[in-house]
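Reviewing the structure listed below.
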Amino acid sequence: MVCIAAFIVLAICVLSLPIIRIFNKKAADSIWKLFKKSTYCVSRRATFRKCDSTFKDDVKNSILRKVVIKHPTWVKPLSAIIEIVSVLIIFITIWSLLVGVKSLISLYVYDTCNPSQPSACALSTSESCSIDSQPISFFENPFQWTGNWFIEFGGAIAAIPTRMRTWDARDFLPENPSYFNKYDASKPIALDVMDPGCIICRRSYIAQKESGFMDKYNVAMLVYPIRDRFANSHLISRYIEAARLLNPLDSAIRPVDWLIIDRIFTGNTTDGDNFQNAFNYTYTDATARKVLNDWLTDFGYTDQEVVEIIKLVDSNQVKKIVNKNRDIVDNKIRTKKIPTMIYNNRRHDGLFEK
């Protein structure tokens, strides 16, 4: 272990050898000589052969030679400490390499080096909401944290093919999809994956409208309420899916599910707060239901039709549809952040930019 740990430390020193040589040529030569000896020793260890040099003893002796003279009784405990420190150096090095590899793979697959907290990665190319639940810390449960870390690592490796594939929005459309504008066969299809409570989804939606994206594509919506994140997202998603099960209103400018999303993302309450913020932080379940029911009336539904939608909202049929949407995102699209858009044969994660 000592020779491997020494090799790691010396390898780091060798990187700065040109600078060391400027100030102390003798020290630089000594480092290089030790590095060559450590390389020879490690190469033999890597092929399961015993190191036939005295490098390990040389390292220990160089550290302990002054102690032997003044405090000979300290030699054994210090020797044990050197072995322990060597193990720690090797462990930290291996862990650092794993973290680096995982971060690079995640950056390639998900456009973020930290899938569980995309905003925490300085290399992320765009803002987004993470779809994973808040991760536990190492100190809360080290065994579960370690298990989750390796599961996340394996998931990133398994998702590599999704990055290299050609994406077709048709492959991921929800059941009974509706489009922002009337379907036009001459336009390509685009898919928007969004959570009604995600602030970045709201900003992305507004940017799409302002840029003309909605007019260039047949834009379909797949609602994905992030688990345990925004208070009324699941309820809103069920209202949207319930409305989809009924025929769209002939008098509506666009299907009612898009009218609901548009009002949440662009409308304001009577006191000037935006509706998304009110649903996330102010409205109780009962208040949210009342507001959504009032909206259905505003959009032109009769009282009887509103009653039918209310029944569907809490039905197993609609809950299964929402779960199926989640399955599409989790196991087919395999994104870690939303909004996610599929168009032009590519998957685009994060905030839509004009």
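The values are calculated or read from the model by the stated rules, or taken from the named source; none is laboratory data. Note that the structure is a prediction, hence the values are computed from the model and not measured. Glycine gets a Cβ as well: all are built from the backbone with ideal geometry, and neighbour counts include every protein chain shown. Note: accessible area is taken over every heavy atom of the protein model, side chains too, but ligands, DNA and RNA are not part of it. Shrake-Rupley method; radii C 1.70, N 1.55, O 1.52, S 1.80 Å.
Residue-by-condition table, conditions (1) in a helix (DSSP H, G or I); (2) open to solvent by 60 Å² or more (accessible area, probe 1.4 Å):
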position	(1), (2)
F150	yes, yes
A156	yes, no
T166	no, yes
N176	no, yes
Can you name every residue in region 195-216 that is open to solvent by 10 Å² or more (accessible area, probe 1.4 Å) and not in a helix (DSSP H, G or I)? G212
Could you tell me whether region 262-272 includes any residue that is within 22 Å of P339 (Cα to Cα), crowded, with 20+ Cβ neighbours inside 10 Å and of a type in the set (G, A, S)? no
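Condition check ((1) more than 25 Å from E127 (Cβ to Cβ); (2) in contact with a helix residue (DSSP H, G or I) (Cβ under 6 Å, 6 or more places away or on another chain); (3) part of a helix (DSSP H, G or I)) across all residues:
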{"residue": "L259", "(1), (2), (3)": "yes, no, yes"}
{"residue": "I264", "(1), (2), (3)": "no, yes, yes"}
{"residue": "D271", "(1), (2), (3)": "yes, no, no"}
{"residue": "Q276", "(1), (2), (3)": "no, yes, yes"}
{"residue": "T287", "(1), (2), (3)": "yes, no, yes"}
{"residue": "I310", "(1), (2), (3)": "yes, no, yes"}
{"residue": "D330", "(1), (2), (3)": "no, no, yes"}
{"residue": "I342", "(1), (2), (3)": "no, yes, no"}
{"residue": "H348", "(1), (2), (3)": "no, no, no"}
Considering only region 314-322, I want to know if a residue exists there that is touching a strand residue (DSSP E or B) at 6+ places or on another chain (Cβ under 9 Å), in contact (Cβ under 8 Å) with a residue 24 or more places away in the chain and buried (at least 17 other Cβ atoms within 10 Å of the Cβ). yes
Of the numbered conditions (1) modelled with pLDDT under 75; (2) in a helix (DSSP H, G or I); (3) more than 11 Å from the chain's Cα centre (by Cα); (4) not β-branched (V, I, T), F138 satisfies every one except a single condition; which is it? (2)
V291 part of a helix (DSSP H, G or I), open to solvent by less than 30 Å² (accessible area, probe 1.4 Å), of a type in the set (A, V, I, L, M, F, W, C) and in contact with a Lys or Arg (Cβ under 6 Å, 6 or more places away or on another chain): no
Take the conditions modelled with pLDDT under 95, of a type in the set (A, V, I, L, M, F, W, C) and within 30 Å of E152 (Cα to Cα) and apply them to L351. Does it pass? yes
Meets criteria (open to solvent by less than 30 Å² (accessible area, probe 1.4 Å), modelled with pLDDT under 65 and part of a helix (DSSP H, G or I)) for L64: yes
Condition check: among the aliphatic types (A, V, I, L, M), farther than 17 Å from T340 by Cβ and not in a helix (DSSP H, G or I). Does A242 satisfy that? no
Between D303, D250, D257, D298, which is at pLDDT below 95 and either more than 24 Å from A220 (Cβ to Cβ) or of a type in the set (A, V, I, L, M) (or both)? D303
